[in-house]
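Data first, discussion second: the structure below is written as structure tokens.
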Amino acid sequence: MKIIVTGSTGFIGKHLTKTLKEHDHEVIEWDRAHGKDIKDFSSSTVPADIDFVVHLAAIADVRRSLKEPELYWKTNVEYSKKIFDLCYKNDIPVVYASSSCVHAWWKSPYGTSKKAMEAIAHPGQIGLRFTTVFGDGARDTMLMSRIANGTVKFATEHVRDLIYVKDVVSAIMIFVENGTANKNATYEVGTGLGYKVSDIVKHAGYEVPIQEGQDAEADDNTADNSELKKLGWHPTLKPTEWIDIKIAVKYTNDNV
């Protein structure tokens with residue numbers, strides 16, 4: 001199939017694009033790094049023979065959204081609507097990145113933008129509510145990245161469902177390979193297991209202060225992944241296992 005991936009050079013996008021190509025799909029990378037901005041997504045710029053769109057492009061970061069709410073609305077909602085409308089008009093299936101933040105959407109402009117995306121999506125367009133994604137290539141400021149690179153300075157008592165990026169990709173691939181017809185409007189993409197941030201940091205061997213998180217952050221984002229599991233999906237890697245791997249690699253490198 002010929003598939004557009006928006007946000008193809010982002011964290012999840014890079015992993016997805018690699019997997020799609022390995023499955024012999026033709027990928028059109030729609031990303032500003034390739035000179036393609038989602039604000040320019042239109043009938044005159046999108047090839048007529050597109051078979052599928054995976055819409056990952058967005059501005060993330062809950063904390064930043066508190067400072068720049070208008071930017072989040074324009075990018076995540078207004079530009080996404082252009083994609084949803086065009087694809088619906090042309091019968092192109094769409095899977096898009098939503099977020100577990102929709103469960104407390106009122107706490108941040110980011111959560112509000114994702115809630116709005118779900119509201120404006122057309123029938124047959126599937127929203128995947130990612131929890132806290134980790135893995136190689138994640139932003140350095142994210143929790144698991146800070147644990148891996150040794151820059152974690154504090155922990156909170158928030159409960160987080162930490163999902164491996166390759167498990168996120170495998171969830172997306174279910175819809176790419178099997179279509180979106182007769183599917184639910186949204187699916188929770190997480191392990192279904194919640195971990196206290198402080199426990200995860202302690203597992204990695206760090207003794208750091210415990211601080212309160214921001215009000216904009218959900219206390220618990222553990223997913224109910226039962227509907228996704230009905231489609232044959234299962235997570236493969238726990239966050240503690242990934243940490244153990246990273247620690248073992250670091251130990252080996254330090255002692256070579």
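The values are calculated or read from the model by the stated rules, or taken from the named source; none is laboratory data. Predicted model only: the values in this text are computed from it and were never measured. Positions of Cβ are backbone-derived with ideal geometry, glycine not excepted, and every protein chain shown enters the neighbour counts. Heads up: the accessible areas ignore ligands, DNA and RNA and are worked out on the full protein's heavy atoms, side chains in. Shrake-Rupley method; radii C 1.70, N 1.55, O 1.52, S 1.80 Å.
Side notes on the structure shown:
- Any chance F130 is under 24 Å from S65 (Cα atoms), in contact with a Phe, Trp or Tyr (Cβ under 7 Å, 6 or more places away or on another chain) and of a type in the set (F, W, Y): no
- Search result, residues across region 181-192 that are among the aliphatic types (A, V, I, L, M) and surrounded by 17 or more Cβ atoms within 10 Å (Cβ to Cβ): V189
- Applying a threshold of 7 Å to beta carbon distances and a minimum spacing of six or more residues, or different chains, the list of pairs starting in region 225-239 at a residue that is within 10 Å of V189 (Cα to Cα) and of a type in the set (A, V, I, L, M, F, W, C) and ending at one that is modelled with pLDDT of 95 or more and surrounded by 13 or more Cβ atoms within 10 Å (Cβ to Cβ) reads L228/A171; L228/Y187; L228/E188; L228/V189; W233/S170; W233/A171; W233/I174.
- Any chance K166 is touching a His at 6+ places or on another chain (Cβ under 7 Å), under 15 Å from W233 (Cα atoms) and open to solvent by 30 Å² or more (accessible area, probe 1.4 Å): yes
- Scanning region 105-160 for residues that are crowded, with 22+ Cβ neighbours inside 10 Å and modelled with pLDDT under 90 gives I147, A148.
- Every residue from region 63-83 that is surrounded by 19 or more Cβ atoms within 10 Å (Cβ to Cβ) and of a type outside the set (S, T, Y): N76, I83
- When P209 is tested against (1) open to solvent by less than 30 Å² (accessible area, probe 1.4 Å); (2) in contact with a Phe, Trp or Tyr (Cβ under 7 Å, 6 or more places away or on another chain), exactly one condition is not met: (1).
- Pairs with Cβ under 6 Å, 6+ apart, first in region 17-28 and within 11 Å of V54 (Cα to Cα), second at pLDDT 95 or above and in a helix (DSSP H, G or I): V27/T17; V27/L20; V27/K21
- Restricting attention to region 35-56, the residues that are open to solvent by less than 20 Å² (accessible area, probe 1.4 Å) and closer than 19 Å to W105 by Cα add up to 0.
- Condition check for I172: assigned to a strand (DSSP E or B) and crowded, with 18+ Cβ neighbours inside 10 Å: no
- Condition check for N178 on (1) farther than 16 Å from S99 by Cβ; (2) without any contact (Cβ under 8 Å) to a residue 12 or more places away in the chain; (3) open to solvent by 20 Å² or more (accessible area, probe 1.4 Å); (4) of a type outside the set (V, I, T): one failure, at (2).
- Matching residues, region 80-104, being more than 25 Å from K67 (Cα to Cα) and either among the aliphatic types (A, V, I, L, M) or modelled with pLDDT under 95 (or both): I83, L86, I92, V94, V95
- Number of the exception - A181 against (1) modelled with pLDDT under 95; (2) closer than 30 Å to I247 by Cα: (2)
- For S99: the one exception among (1) out of contact with any helix residue (DSSP H, G or I) (no Cβ under 6 Å at 6 or more places or on another chain); (2) crowded, with 21+ Cβ neighbours inside 10 Å; (3) polar (S, T, N, Q): (1)
- Filter pass, N182 being touching a strand residue (DSSP E or B) at 6+ places or on another chain (Cβ under 8 Å) and not hydrophobic (A, V, I, L, M, F, W, C): no
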